[in-house]
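Structure first, then comments.
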Amino acid sequence: MDFKLMYRILFNKRNVVALVILVVVFSLGTYGIRQQMHQQYNHDSQSLIHASTKGYQKFLNYYYKSYDRVLEALDYEWNEANNIDTGLRGNMETILEMDSTIVAVGAMLHNQLWEIHEDSLEVPLPDMRSLLQPEDEDGRQASVLKERYLFVGGDSGRYDAQYARGIIIDLYRLHEKFIRDNVYTSVYQVVINQYQQCVYHPEIEKVGKHYPLPGYLFNNEKYNYEQFDKLHLAQSDYLQMPVYIEYSSMPFRGDEWIVSSVSPGFEVKDMIVRQERNMVLLFLFFLSTLLGILMFGILHWKREFLLRSSAEQENLNLLLKHEKQKSETISVKLELLRSGLNSHFMFNSLGTVKALLSKDDEIARKMLSNLSHLYRYQLRTEGEQMVTLRDELGFTQTYVDVINLRMNSSIRLEINNLSDYFDSKVLPVSLQLLVENCIKHNIATEKDPLVITIKVTEGRIFVINELRPKVALVETNGKGLNNLNIRYTLITEKECTFKKENGQFIASIPVIN
């Protein structure tokens, strides 16, 4: 068949116009789908961030109101005590003992001062008398002093107009308490008082300093509330990455403080990028299919011609191609197994979070924090063939914590004699898969929890649980354990073992040194 004739038949004017129309239609459809994905992801991400920040906001409101309750306790003692001097001082000492962030307590009536404070502080305390009896009325507002202390107090508004009381809070101790109690995980917050002084920041160097707010929060020197409770994209100097910032108002002792809630913004952005990449690949596949149909005749004729003219060369090329495909197949198979495992796990976890968000805010916040750790671990190990046993155990423990939040602590994980093997290597998500298999196929209740033991013996990690099969058998094809065995065989040439013995299910994987 003449090559030029075939070319004219395939690439006539009508065929070219039809191809262009199809490409344009598909491009417009792809663009529309892309816009819908952007809108959906933005809506979902904002809902998740709003829910998380509101939970932390409730914690801040409750915590700072505790200082109001301290002042109310002083007022009560003043009103009720038979001996004001003894009762008031005893109450002040109790306040210092119960709250380590409070370093001084004072009360004044008709220029008589009662004061209890800690000694040997790094920064000398402000004078309590001048704070309780300031020269101007504004001096009695809650304000940061000496870039270290927060004074809270002033007139009680009750009992006696000449009576004033107050407490001095060490902001550095407050910072240490938040860090020690691990208050913030997936979100961090900045608290700014009415004078734009930083009351709390994860960077202790910024505590007590002037903290300017962005101009768009103000309108004629007043707060522009239209910009509150919205997500603003910015660059975090603390995290060194793009973040979402949500500003909200927090009333405190008649003043209006500002809380800046900061959430990392890379997770949603990465999801959008991955989806856009998939759409581009789909478009290229569609275009290549059309071109393939049009070129089929030419390629077929050319292939026959080449086969007749160079049989020996083609045989050699086929042999090389076969070896290359064999190598690529192993690599692709491994990646598919790993991505399939990760996708399955994240799908179930996100479904649990969605259910919890509408039922219990406290459990939802804790689960969101744990899921954040799990997701970061999966992102960090993406593309890695092996991880340390220490990291994998931490990932597995966090996974069990998520399960226990949902199943009322019905799973107990026992880890025996693994400290000597923490630096040994295992495959990512391997221990989690074995633990998930135990939970999936056995009965576990809060009164009778399922005990899962992890230990190392003779160079192998064993995961053991008592056989307590569920009454309604769970459908399974053994794909998860089979995939895990294939992964170990491809990388280490060592197999995993799975057996039932003496009323127990015993699984083992090799330790990689």
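The values are calculated or read from the model by the stated rules, or taken from the named source; none is laboratory data. Keep in mind it's a predicted model, so treat the numbers as computed, not measured. For neighbour counting, all protein chains shown are included, and Cβ atoms are generated from backbone atoms with ideal geometry for every residue, glycine included.
Just one of (1) under 21 Å from Ser409 (Cα atoms); (2) not in a helix (DSSP H, G or I) fails for Val456. It is (1). Identify all residues within region 204-246 that are assigned to a loop (DSSP other than H, G, I, E, B), over 15 Å from Glu256 (Cβ atoms) and in contact with an Asp or Glu (Cβ under 9 Å, 6 or more places away or on another chain); write none if there are none. Those that are assigned to a loop (DSSP other than H, G, I, E, B), over 15 Å from Glu256 (Cβ atoms) and in contact with an Asp or Glu (Cβ under 9 Å, 6 or more places away or on another chain): Val207, Gly208, Lys209, Lys230, Asp237, Tyr238. Screening Tyr200, Tyr195, Tyr223, Tyr211 for residues that are in contact (Cβ under 8 Å) with a residue 40 or more places away in the chain and either surrounded by 12 or more Cβ atoms within 10 Å (Cβ to Cβ) or out of contact with any Phe, Trp or Tyr (no Cβ under 8 Å at 6 or more places or on another chain) (or both) leaves exactly one candidate, Tyr195. Scanning region 413-422 finds one or more residues that are in the same structural domain as Ile454 (by TED's automatic domain parsing), outside any helix (DSSP H, G or I) and among the polar types (S, T, N, Q). Taking every residue in region 134-155 that is assigned by TED's automatic domain parsing to the domain that holds Lys206 and surrounded by fewer than 16 Cβ atoms within 10 Å (Cβ to Cβ) and pairing it with any residue that is assigned to a loop (DSSP other than H, G, I, E, B) and modelled with pLDDT of 80 or more, at least 6 positions away or on another chain, the pairs with Cβ-Cβ distances below 7 Å are Lys146/Val123; Lys146/Pro126; Glu147/Gly208; Glu147/Lys209.
Checked across region 468-479, the condition of being at pLDDT 90 or above and closer than 24 Å to Gly383 by Cα holds for no residue.
Across region 193-203, what is the total count of residues that are part of a strand (DSSP E or B) and either within 18 Å of Tyr244 (Cβ to Cβ) or not hydrophobic (A, V, I, L, M, F, W, C) (or both)? Here the count works out to 2. Of all residues in region 398-414, those satisfying the criterion of being over 18 Å from His441 (Cα atoms) and either among the hydrophobic types (A, V, I, L, M, F, W, C) or more than 16 Å from the chain's Cα centre (by Cα) (or both) are Leu405, Glu414. Please work out if Gly394 is part of a helix (DSSP H, G or I) and modelled with pLDDT of 90 or more. Judged against the criteria, Gly394 is a match. Here are some residues: Leu287, Leu281. Which one is loosely packed, with under 13 Cβ neighbours inside 10 Å, modelled with pLDDT of 70 or more and in a helix (DSSP H, G or I)? Answer to the check: Leu281. For region 483-494, the criterion of being modelled with pLDDT of 85 or more, more than 23 Å from Asp391 (Cβ to Cβ) and assigned by TED's automatic domain parsing to the domain that holds Ser410 is met by none of the residues.
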